[in-house]
Amino acid sequence: MIRTATPADLPALAALEAELFGADAWTADGLTEVLAGAGRQAWVEADDDTSVSGYAVTGPSGDVVELLRIGVAPAAQRQAVATGLMREVIAAAAAAGADRILIEVSADNTGALAFYDDQGFTEIHRRPRYYRDGSDAIVMQLGE
């Protein structure tokens, strides 16, 4: 079940962040700040109020929506969780009148790149040595 994230989801989101993103993970305080940002939206895939298997966070920027984060627990990967979350992101962006959705992903994250390509995103820019590990950031766009 995909639903809007609530403050009660923060511990589960922080744990999932740490598991998925390691040194680049948002802390619980950072998540609180991100989710409180003006126009920010967040969704979770959860079986109940505490079992979060995936999440997505977006932020507006004029006529663009930026996908700030999408993550799926390893045990739930390859089960269409990210696809369902992406549908929510795309529908919310359209409802907000956004012309496009932007994402940024590590060039080393081949699984994510393949997923975004399957969703119709295209590369529009590359930021050399952007991440801590020295990998490039690939900026991708859906729409316009």
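Throughout, read-outs are computed from the coordinates displayed, never taken from laboratory work. All values derive from a computational prediction rather than experimental measurement. Glycine gets a Cβ as well: all are built from the backbone with ideal geometry, and neighbour counts include every protein chain shown.
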Which of the DSSP-defined H helices in the chain satisfy a minimum axial length of 18 Å, computed from C-alpha atoms, and a minimum mean Kyte-Doolittle hydropathy of -0.5? 81-95
With Rh as the Kirkwood radius over Cα pairs, the stretch 100-144 has Rg/Rh of 0.97
Give me the net charge for the shell around ALA56: Cβ to Cβ below 15 angstrom, other residues only, Lys and Arg +1, Asp and Glu -1. -2
Across all directions of projection, what mean area in square nanometres is found for the Cα convex hull of the chain? 8.1
Just to confirm the filter: which trypsin sites (Lys or Arg not before Pro) across the stretch 69-106 are DSSP coil and have at most 11 other Cβ within 10 angstrom of their Cβ? ARG78
Would you mind working out the magnitude of the charge dipole of the chain relative to its Cα centre, with +1 at each Lys and Arg C-beta and -1 at each Asp and Glu C-beta, to the nearest 20 Debye? 180
Only loop residues by DSSP count here, and only those with at most 10 other Cβ atoms within 10 Å; note down the chymotrypsin sites (Phe, Trp or Tyr not before Pro) in the stretch 1-76 that meet that. none
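Could you compute how fast the stretch 28-99 diffuses translationally, taking Rh as the Kirkwood radius over C-alpha pairs and applying Stokes-Einstein at 10 °C with viscosity 1.306 mPa s? Give it in µm² per second.
124
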GNM on the chain, C-alpha springs below 10 Å: top fluctuator among ALA98, ALA15, ALA80? ALA80
Computed from the beta carbon distance with a Förster radius of 25 Å, FRET efficiency for ALA114 and THR27 to the nearest 0.05 stands at 0.30
